[in-house]
1. Give the aspartates and glutamates reachable from LYS42 as a straight Cα distance under 19 Å; neighbours fewer than 8 places away on the same chain don't count.
2. Fully extended, how many nm does the chain gain between LYS114 and ASP82 (0.36 nm per residue separation, minus their Cα-Cα distance)?
3. For the chain, modelled as a GNM with alpha-carbon contacts under 10 angstrom, which of ARG19, ARG70, ARG97 fluctuates the most?
4. Enumerate the lysines that LYS106 could reach by cross-link, defined here as Cα to Cα under 24 Å, with residues fewer than 8 away along the same chain left out.
5. Given points 7 Å out from each Cα along the Cα-Cβ axis, report the ASP34 to LYS17 separation in nanometres with one decimal.
6. When the chain is fully extended, how far beyond the present Cα-Cα distance does SER105 get from ARG24, taking 0.36 nm per residue of separation?
7. Helix 106-116 sits at what angle to the longest principal axis of the chain, using alpha carbons and giving 0 to 90 degrees rounded to 10?
8. Quick check of the Kirkwood formula: for the chain, what is the inverse mean of 1/r over all pairs of different Cα atoms, in Å?
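Every number in this text was worked out from the coordinates using simple rules, so none of it is lab data. Since the model is a prediction, treat every value here as computed from it, not as a measurement. As a convention, Cβ positions derive from the backbone with ideal geometry for all residues, glycine included, and neighbour counts pool all protein chains shown.
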Amino acid sequence: MDSVRIDKWLWAARMFKTRSLATRACAAGHVKVDGESAKASKVIAPGVEIDLLAPGGRRVLLVTALGDRRGPATEALALYEDRTPEEPKPASPLEERPRGLGRPSKRDRRQLLKNKGAW
């Protein structure tokens, strides 16, 4: 197999639960192949970079192998290399309250809002 449709590959790689959901994502413009929006019928080959908005969040994938059938998760992991950038951590640890302290007092709440820049 030299090439496969993008919607079929996304379904086989377990990015979407059904092929119709993969097709809808392509139609909505949530799938980009090498920086360009892709229709569901776009044919891909190994070495292509895919940027997509999946139910689990934004993903950047490099196609390493082709697959047109949905198999076990271990086979799906062999179809791509995940190049998704790490999400940044929260800016300030003051925004998070340790568990078990209970509800913040009026003074604590004001301090939290001030630290967030909303006050």
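1. Correct list for LYS42: ASP2, ASP7, ASP34, ASP51, ASP68.
2. Working: separation 32, 0.36 × 32 = 11.52 nm, distance 3.83 nm.
That works out to 7.7 nm of additional length.
3. ARG97
4. LYS114, LYS116
5. Label at ASP34, label at LYS17, 3.4 nm between them.
6. On the way: separation 81, 0.36 × 81 = 29.16 nm, distance 4.70 nm.
Stretched fully, the SER105-ARG24 segment lengthens by 24.5 nm.
7. Tilt relative to the chain: about 40 degrees.
8. On the way: mean 1/r = 0.0598 Å⁻¹.
Every distinct Cα pair counted, the radius reaches 16.7 Å.
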